[in-house]
Amino acid sequence: MVVGHRATEIGAAVRLPPRARFVHNPYYAEGQSTSLRAGLRAADPASGAAVVLLGDQPGVLPAAIAAVVQAWRSGEGPAAQASYGGRPGHPTLFDRSLWLDLERSTGDEGARSLLAVHPEWLRPVAAGDRPPDDIDTEEDYARVRAAFESR
C-alpha cells in the first residue's frame, strides 16, 4: 500500500494482510505517477504483474481483482483493466514487461497516457455495470459510508 500524505496517520488506522506492507512515497504531491512508481519499485522481484487499485475507490470488489488477474493469466494481454458498463475503471493489472514504460509516467495521470499510446496492450475485463464510488470529498465519504452501513 503506497502512502504519502498523512502516511503516519493512515499507517496507524489501516491493518494490512500478513504479506502486505506500507511503502512511503515522499513525492506524493507531484501526482499519482509517483505512487505508481513507488509501488512498482517495492514489488517482489519475482512478481510477474502488479494490480493497481486507487485508495479513493475502496469499493472495488474482489471479483473485479480476480477477473483482471484471470485475464492476464489467460494471456489476454500485458494490461487488463476492469470495465464497468463499457467504461474503463479500476483495478488495472500490468505485466512486468510494461513496468519500465510505467516508470516513465509523470504527473497525476498514472498509466492513462501509456495505455492511450498503446491500446493494443489493453484487455478490458467486464466487472459489472457500476464502477466503484470515487471518494474525493468529505461529502463523498459520508455518502459512501452511509450506503455501506445501510447494507
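Just so it is clear, none of the values below were taken in a lab; they were calculated from the coordinates. Owing to the predicted nature of the structure, the values given are computational and were not obtained by experimental measurement. Glycine gets a Cβ as well: all are built from the backbone with ideal geometry, and neighbour counts include every protein chain shown.
Points worth noting:
- Unique residue being among the basic types (K, R) and within 14 Å of the chain's Cα centre (by Cα) when the list is R21, R37, R73: R37
- Which listed residue, of D108, D101, D44, is more than 24 Å from D140 (Cα to Cα) and touching a helix residue (DSSP H, G or I) at 6+ places or on another chain (Cβ under 6 Å): D101
- From the list I65, I10, the one residue that fits, being free of Cβ contacts under 8 Å to residues at least 40 places away in the same chain, under 24 Å from D140 (Cα atoms) and within 12 Å of the chain's Cα centre (by Cα), is I65.
- The helices (runs of 4 or more DSSP H) located wholly in the range 16-116 include none with 2 or more residues which are on the phi > 0 side of the Ramachandran plot and surrounded by 12 or more Cβ atoms within 10 Å (Cβ to Cβ).
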